[in-house]
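K.L.:
I'd like to ask some things about the structure below.
The values are calculated or read from the model by the stated rules, or taken from the named source; none is laboratory data. For clarity, every value in this text was computed on a predicted model and none was experimentally measured. Using ideal geometry, Cβ is built from the backbone for each residue, glycine included, and neighbour counts are taken over all protein chains shown. Ligands, DNA and RNA are excluded from the accessible area calculation, which covers all protein heavy atoms including side chains. Shrake-Rupley method; radii C 1.70, N 1.55, O 1.52, S 1.80 Å.
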Amino acid sequence: MKTAIATVSISGDFTEKLAAIAAAGFDGIEIFENDFLAFDGGPREVGQMVRDHGLEISLFQPFRDFEGMPEPQRARVFDRAERKFELMGELGADLVLVCSNVSPLALGGIDRAAADFHELGERAARHGIRVGYEALAWGRHVSDHRDAWEIVRRADHPNVGLILDSFHTLARKIDPETIRSIPGDRIFFVQLADAPKIEMDLLYWSRHFRNMPGEGDLDVLGFVRAIAATGYDDVLSLEVFNDQFRGGSPKSISIDGHRSLIYLMDQVNRSEPDVRMSVPQMPDRIKVDGVEFVEFAADEEEAAELGAILHTLGFKRSGKHVSKDVDLWSQGGVKILINTEREGFAHSSYVVHGANVCDIGLRVNDAAATVQRARVLGADPFEQPIGPGQLKIPAIRGVGGGLIHFIDGESDLARVWDIEFEQVSDAKIPVDAGLTRIDHIAQTMNYEEMLTWLLFYTSIFETEKTPMVDVVDPAGLVRSQVIENASGSLRITLNGAENRRTLAGHFLAESFGSSVQHLAFATDDIFAAADALEANGFVSLVISPNYYDDLDARFGLDSDFLDRLRERNILYDRDDHGEYFQLYSPSYGEGFFFELVERRGGYRGYGAANAQFRIAAQKRHMRPAGMPRH
Ligand code: MG
Ligand code: MG
């Protein structure tokens with residue numbers, strides 16, 4: 001199977017697009033005439049440029065309002081087709097997409113349309129061109145691939161075939177299983193797009209909200225499985241109209257697109273017997289057992305401040321790296337590293353972002369296999385020179401430029417803490433707060449980049465995405481979406497900031513794209529943890545009394561219980577499965593903070609209803625005393 005992408009799917013001028021598409025590893029492009037109308041060269045030059053990038057023109061599109069026209073329009077439509085065939089000859093394109101007629105003049109009738117296609121097939125054949133027919137979901141008479149197939153069947157011409165587009169089939173809720181009865185050699189081309197489930201006008205939905213397979217909610221996998229079962233083995237092409245992609249980076253959108261196709265084909269191979277799509281062998285999605293460590297890059301002064309905060313959270317400094325300036329702070333199953341080296345990755349991360357989380361360590365079954373899968377999916381492996389006695393720990397670069405290391409139970413990796421760290425014991429021991437593990441890691445990015453992050457995590461790791469929720473910041477919306485696995489051993493919340501006046505946007509802008517904005521630690525007893533923190537001198541985020549009045553109105557809580565929450569600034573939520581408790585630090589620096597959470601009885605969420613109160617409190621705290629409000 002070959003891969004292609006429509007040039008309209010990405011931004012940039014024509015040459016930028018070609019360079020990005022070729023670099024991402026695609027075999028071909030779908031070309032739109034509009035795409036090169038603004039370009040100075042003629043069609044021959046355009047075709048040569050495409051081939052010079054190592055790409056082929058897999059499809060020329062669109063040819064509109066063709067079939068079922070009355071005279072005199074019918075004659076004109078055929079004249080128009082002849083001119084397109086000549087243009088395609090100059091470009092070096094041999095397949096044209098004809099989409100179903102939307103003109104009010106179109107007469108309808110399967111046989112009439114079939115006769116028109118037969119004649120078009122005759123003319124196309126003289127130019128060495130093939131014609132593919134696609135049912136638009138909003139076509140006037142044909143809006144279903146089953147009707148388009150019947151027309152192609154009756155046209156009965158070797159140069160006329162069917163084009164399938166996942167959006168048009170799935171948006172109209174047509175069962176993709178109906179594709180299995182179509183002969184694979186009559187399918188000329190396959191276009192793929194996903195989309196979020198939103199009830200809206202089909203045309204508007206299609207033109208603005210399509211996204212890459214796996215990024216939306218449509219059953220693109222079921223669609224491609226059905227196509228693969230027909231024996232079709234030609235091109236899978238992305239035809240994605242999306243406003244954010246057209247404003248995004250051509251390079252990163254192309255990489256996302258290619259990743260989405262590789263991931264999709266791998267899923268098809270795993271789920272459809274007798275089908276073997278040509279994607280490199282890779283291990284199945286990686287199961288993550290937990291977060292092994294989180295590493296901060298800092299200078300000495302910030303390291304001391306961060307250490308002091310960790311101390312109030314009940315962490316003790318328990319180890320020191322044998323050869324590097326890296327301290328290990330631990331409590332329960334949580335390990336935090338503070339790296340103050342003057343060279344290496346952590347230092348360059350510090351130079352760009354200031355003090356920040358530069359590295360996350362995940363526990364997996366097989367670290368080498370994890371890097372192998374990530375690499376096939378287009379992630380960058382990471383290596384840096386290691387010192388004597390240090391272990392080589394497999395790693396990749398995350399989307400935001402931070403690192404992800406993988407620790408497994410095989411080999412020496414499991415003993416990295418004993419091998420690379422020597423024990424230290426500080427005189428000042430904090431009261432243990434009973435923190436057991438990292439509950440979730442919250443990463444912030446520009447809203448436009450959220451889908452990139454989502455696809456990265458869900459394609460490499462065995463995780464699912466939850467529906468997106470809007471979080472209200474007084475200065476604007478922040479979109480929040482969760483990537484998590486079934487056991488809860490990996491939970492990442494993605495927060496997409498739309499502007500820099502929100503707390504998330506401010507953090508992103510001021511830290512120059514650092515991604516981890518907060519870490520949430522789990523405890524089995526939030527009240528005991530709060531008391532331990534107080535004994536350690538922790539300053540918690542002060543929550544407005546209005547919040548507790550609102551909480552009482554929402555849940556009708558026992559007044560003693562409400563008092564206990566209020567006294568400790570603990571936030572509360574409840575769902576069908578259980579209860580959730582949250583305690584926050586104020587935000588430090590440009591907006592980083594810590595959170596403590598307790599989940600009771602299988603609560604699944606993240607306290608989304610509380611986020612606006614937390615944000616308002618943190619913003620109040622950030623405003624220097626005496627500064628006028630405006
Ligand atoms: Mg299409
Ligand atoms: Mg949180």
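K.L.:
On each of the three principal axes of the Cα atoms of the chain, give max minus min coordinate, whole Å, ordered largest first.
P.N.:
Here the spans come out as 91, 61, 49 Å, largest first.
K.L.:
With a ≥ b ≥ c taken as the square roots of the eigenvalues of the C-alpha gyration tensor of the range 29-158, please select rounded if a/c is under 1.5 and otherwise prolate if a/b is larger than b/c or oblate if it is not?
P.N.:
prolate
K.L.:
So, in nm, how far is label Thr436 from label Asp550 when the simple model puts each one 7 Å beyond its Cα toward the Cβ?
P.N.:
3.0
K.L.:
I want to check the label-to-label distance for Glu534 and Arg153. Put each point 7 Å from Cα in the C-beta direction and report it in nm to one decimal.
P.N.:
7.6
K.L.:
With each label point set 7 Å from Cα along the Cα-Cβ vector, what nm distance links Asp13 and Arg172?
P.N.:
4.0
K.L.:
Could you work out the helix-only [θ] at 222 nm for the chain, with each DSSP H run of four or more residues adding -39,500 (n - 2.57) and the total divided by the number of residues, to the nearest 500 deg cm²/dmol?
P.N.:
-10500 deg cm²/dmol
K.L.:
With a 1.4 Å probe and every protein chain left in place, work out the accessible area per residue of the chain in Å², rounded to a whole number.
P.N.:
About 41 Å² of surface per residue is accessible.
K.L.:
Another question, then. What trypsin sites (Lys or Arg not before Pro) does the range 580-620 have in DSSP loop regions with at most 15 other beta carbons within 10 Å?
P.N.:
Qualifying residues, ordered by number: Arg604.
K.L.:
Under 5 Å between amide hydrogens, which residues at least 5 positions from Met212 or on another chain qualify, with H placed 1.01 Å from N in the peptide plane?
P.N.:
Amide H neighbours of Met212: Asp194.
K.L.:
In whole Hz, what ³J(HN,Hα) sequence does the range 391-401 give by Karplus (6.51, -1.76, 1.60; θ = phi - 60°), x for Gly and Pro?
P.N.:
The phi angles translate into 8, 8, 9, x, 8, 10, 7, x, 5, x, x Hz.
K.L.:
Another one. Assuming a strict under-21 Å limit between Cα atoms, what lysine pair count do you get for the range 223-352 once near-sequence pairs (fewer than 8 apart, same chain) are dropped? Write out the running numbers ahead of the final one.
P.N.:
Numbers: Lys287/Lys335; Lys316/Lys324; Lys316/Lys335; Lys320/Lys335; Lys324/Lys335.
Taking the Cα cut-off of 21 Å, the pair count is 5.
K.L.:
Where the accessible area of the chain is counted over protein heavy atoms with a 1.4 Å probe, how much of it, in %, is carbon and sulfur?
P.N.:
49
K.L.:
Cut-off under 13 Å on the C-alpha distance; same-chain residues fewer than 8 positions from Lys619 excluded. Which aspartates and glutamates are left, in chain and number order?
P.N.:
Leaving aside aspartates and glutamates fewer than 8 places away in the same chain, those within reach of Lys619 are Asp473, Glu590.
K.L.:
Continuing with the same structure: Out of all DSSP beta bridges in the chain, what portion is antiparallel? Express it as a percent rounded to 5. Walk me through the numbers on the way to the answer.
P.N.:
Details: 61 of 112 bridges.
Taking every DSSP beta bridge within the chain, about 55 percent pair in antiparallel fashion.
K.L.:
Gain in length, Gln384 to Arg64, computed as 0.36 nm per residue apart minus the alpha-carbon separation, to one decimal in nm?
P.N.:
Extra length from Gln384 to Arg64 when fully extended: 109.8 nm.
K.L.:
Once you have a ≥ b ≥ c as the square roots of the Cα gyration tensor eigenvalues for the range 555-608, tell me rounded if a/c is under 1.5, and otherwise prolate or oblate according to whether a/b is larger than b/c.
P.N.:
It comes out oblate by the Cα gyration axes.
K.L.:
Using the charge dipole of the chain (Lys, Arg: +1 at Cβ; Asp, Glu: -1 at Cβ; taken about the Cα centre), state which of Leu503, Phe555, Val98 has its Cα farthest towards the positive end.
P.N.:
Val98
K.L.:
Averaging sequence separations of C-alpha pairs under 8 Å and six or more residues apart, then dividing by the length of the chain, give the relative contact order as a whole percent.
P.N.:
9
K.L.:
What relative contact order, as a whole-number percentage, does the range 288-423 give when Cα pairs under 8 Å and 6 or more residues apart are counted?
P.N.:
27
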